[in-house]
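The block underneath contains the structure these notes are about, expressed in structure tokens.
No value in this document is a laboratory result; all are computed from the given coordinates. Model, not experiment: these values are computed from the prediction. All Cβ positions, glycine included, derive from the backbone under ideal geometry; neighbour counts span all protein chains shown.
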Amino acid sequence: MIGLFDRVFRGSDEMYARADEVLNAAIARHGTSKPIQLPDTAYNMACSLAYAGRKITNLGELREALDHIKTMMTREYRTTDVFSTGIATAMAGEVIEACLYIDNNTPYEGTPYHGHFSDAEVRELGVPLVTNDIPGFVVIINEAPSDEEAAEIIKGYQTRGIFVFLVGGIIDQAVRMGMNLGFAVRAVAVGPEIWAVSHVVSFCVRAAMIFGAIQPGDWDGFMDYTFWRLHAFVNPYAPVNDITLAMGAGGIAMGFPAITNDTRDMWRVPKTLIIQENTKDFIETSLEARDIKLKITKVDIPVAFSNAFEGEIVRRTDMHVDIDGSRVDCLEFVQTKQLTEVEDHQIELEGPDLDEIEPGSRMSVTMVVQVAGKNMSPDFESVIERKFHNFINCAEGIMHTGQRDMIRIRVSTDAYNAGFRLRHLGEILYAKVKSEYEAVVDKCQVKICSVPEKNKEIREMANVTFDKRDARLASLTDESVDVFYTCILCQSFSPSHVCIVTPERLGLCGAVSWLDAKATNELDPSGPCQIVTKNNPVDEQLGSYVDVDEAVNKYSHGALEHVTLYSLLQDPMTSCGCFECICGIEPFSNGVVIVNREHVGMTPLGMSFSEMASMTGGGVQTPGFMGHGKHFIASKKYLKAEGGCARIVWMPAALKEQVRERLNATAKQLYDIDDFTDMICDETITEDPEELLNYLAEKGHPVLEMEPFDL
Ligand code: SF4
């Protein structure tokens, strides 16, 4: 029987030989000066960047990097050598995969494989990770014992919220079983060969750099971060060959245990290399090994219910019904009632159900959720209501978009055939509202109506409340409230980051408004949203308060001393990494460029979102660059210290459309300018700084009259 260490060493030799061959062939074809760049990342070749501190830009540098990788494959029979060899194996795997991307940004196009993850994808997981919507990650390698079992384990992890990466034969099995795979359903077919695991390692180390501000080359920092912050593990099915075992050694070095059913030439290592011969028990054994505790809300519906299905799309051809608020009267609405007026868990349906309509047709449906509780406040109605989108989307085969009276809900034919009916929408809302808002909601009942004439009346009634709520929200300003709130949810990934949430500045992820923070504080008084008084203003133009400084100092554990709320240059708020947008100074115009996460192109700064985003994050202050939410752009407090939103000179066209109405209204109030958004340049006009300046001059943009930045 060959020893475990020897198998790892042999596997790493195999990986190195393969990488050497692939790289030599690439150099022979293109030469050493040929640039190499993985798409949409500011952390090119992230594995080498993280573990060796090497930034690789061309094939010559990649050759040097591979030579260095060889030196990491040491051959002493000590744990450190096995770990170093395992990480080096993953780095060699990255070399092989990166060579696929020479001259081709989409080498896996037309296949089921995802390959490289963009920085935007890494960042997209920031919020679900901190909220524990994704409690962990699993990498499943090789074929499961049968196609049915492959589908079962993937679905089993999905329904528990675990993000699934698939490598090798199990992907073919999932495809044969007709499974829906992809980032949106949190089950990603990474690649066909074992070296594709390097994309997952790259994903993890970028999370450490983006959210944890771990610096390239800080070996211990990466090990610490991946062990404590990323709850990952590996399920390699038998037979596990040497090269997979060598990759597994890298995973174990990162703190990710491997749970396998292979017993041949395999050794049990407590807590790290676990043999579970019954593959049906992989999930339970793995969750226990990684100490992952799941918060499960029991929802009484006939389809699966998990965060993994949140991004699922139901196409017209696959739907049984289209509840479409843009064409017929539809609504979702939370109403506060007296305790005596609500019968807990009563779900009423008035009107026809899904089996009484023509398949594929449109339907008018309203859902009124009536809640009562001693601590319930009408201010929480909109907070609860906005979560309906997430709640309903968690049901497999149900797609929800929009809010209030502009909702769309599609129920797929599969969900209908599984028995899903209108009252199940009520079951979802009841279960989630009661479990997530238990501190304020004592009783909850749901009234669903599918009678078009009645829905017209219900909609009119609700619109009166919506108007009142909007007026209340508009009256909420930083000056009109007595307190702000912290949000430190992201500290599980970004240990020193603190958001200060005010009525006019929501959290930089875009998901936490002042009302959300207030509700969170009342739901969980010792939780992430703590009250920040504002009794001692220092400079209201900057948004500088003694109380705010004390709060950030306390909640960043001393990492931060001063934070201003309205300045980009003086002690700007820190960024954790999951911000919706980032802004940066554009020196030629004395303005700022804003770019949102979804935009993949360049900006006039010569940087993409990923590159700008890499300038900040991890809870550090970077004057001149700042992450923020989309909603903040149209706030009167946006860059107030630097002159306000009139500093905005460029943003992507799609983002302009999203903020146009509110931004125009703000610019009108602040500067008496009409249609300000049209003065802002975008990628359809130019990404060149000189042409940008010409455009601003042509439009008479107010930034040209403003003082230069005080840098
Ligand atoms: S408000 Fe800030 S700390 Fe809270 S989840 Fe959003 S980005 Fe993270």
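So here's what we get for this one:
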read-out	value
The chain - mean residue ellipticity at 222 nm from DSSP helices (-39,500 (n - 2.57) per run, n ≥ 4, rounded to 500)	-11500 deg cm²/dmol
Kirkwood Rh, angstrom, the chain [1 / mean 1/r, Cα pairs]	27.3
Extended-chain gain in nm, criterion 0.36 nm per residue less alpha-carbon gap, T74 and Q658	204.8 nm
Modelled FRET efficiency - R0 51 Å, D482 with Q37, Cβ distances, 0.05 increments	0.50
Region 1-95 shape via C-alpha gyration tensor axes, a/c threshold 1.5	prolate
5 angstrom amide H check on C681, placed H, neighbours 5+ away	W650, M651
Stokes-Einstein translational diffusion, region 540-583 - Kirkwood Rh over all Cα pairs, 1.306 mPa s, 10 °C, in µm²/s	144
Peptides ranked, highest mean first, by Cβ atoms within 10 Å: ranges 228-240, 436-448	228-240, 436-448
FRET efficiency estimate (nearest 0.05) - Cβ-Cβ, H562 to I102, R0 56 angstrom	0.75
Packing-based order for 550-558, 619-627, using average beta carbon neighbours within 10 Å, highest first	619-627, 550-558
Burial ranking of peptide ranges 411-418, 20-27, 636-643 (average Cβ count within 10 Å, highest at the top)	636-643, 411-418, 20-27
Three-way shape call for region 178-271 based on the alpha-carbon gyration tensor, with the a/c threshold at 1.5	oblate
Net +/- balance of residues flanking E504 in space, Cβ distance below 13 Å, scoring K and R +1, D and E -1	+3
Distance in nm between pseudo-label sites at D318 and V620 (7 Å out along the Cβ direction from Cα)	4.3
Under Karplus coefficients 6.51, -1.76 and 1.60, residue-wise ³J(HN,Hα) of region 627-643 in Hz, glycine/proline x	x, 7, x, 5, 4, 5, 4, 8, 7, 5, 8, 5, 6, 3, 5, 9, x
Ranked list, fewest to most other Cβ atoms within 10 Å of each Cβ, for E453, E124, E341	E453, E341, E124
The chain: relative contact order as a whole-number percent, Cα under 8 Å and 6+ apart	10
For a label point 7 Å along the Cα-to-beta-carbon line of R29, residues of region 64-103 with backbone N under 18 Å	93-103
13 Å Cα-Cα reach of K55 towards aspartates and glutamates, excluding residues that sit fewer than 8 places from it in its own chain	E64
Region 4-289 shape via C-alpha gyration tensor axes, a/c threshold 1.5	rounded
Environment charge at L670 (Cβ cut-off 10 Å; Lys +1, Arg +1, Asp -1, Glu -1)	+2
Other-chain or far-sequence residues with amide H under 5 Å of I673's (modelled H)	K668
Theoretical gain in end-to-end length, V546 to D688 [0.36 nm per residue, Cα-Cα removed]	47.0 nm
Integer Hz, Karplus 6.51/-1.76/1.60 couplings in order for region 115-125, x for Gly and Pro	x, 4, 9, 6, 4, 4, 5, 4, 5, 4, 7
Phi to ³J(HN,Hα) by Karplus 6.51 cos²θ - 1.76 cosθ + 1.60 over region 446-458, Hz, x for Gly, Pro	10, 10, 10, 10, 10, 9, x, 5, 5, 5, 4, 5, 4
Over region 483-705, equivalent-ellipsoid semi-axes from the Cα gyration tensor in Å	30, 18, 15
Average silhouette area of region 307-475, convex hull of alpha-carbon atoms, in square nanometres	9.6
Residues K630, K298, K34, K271, sorted so that the one with the fewest Cβ neighbours within 10 Å comes first	K298, K271, K34, K630
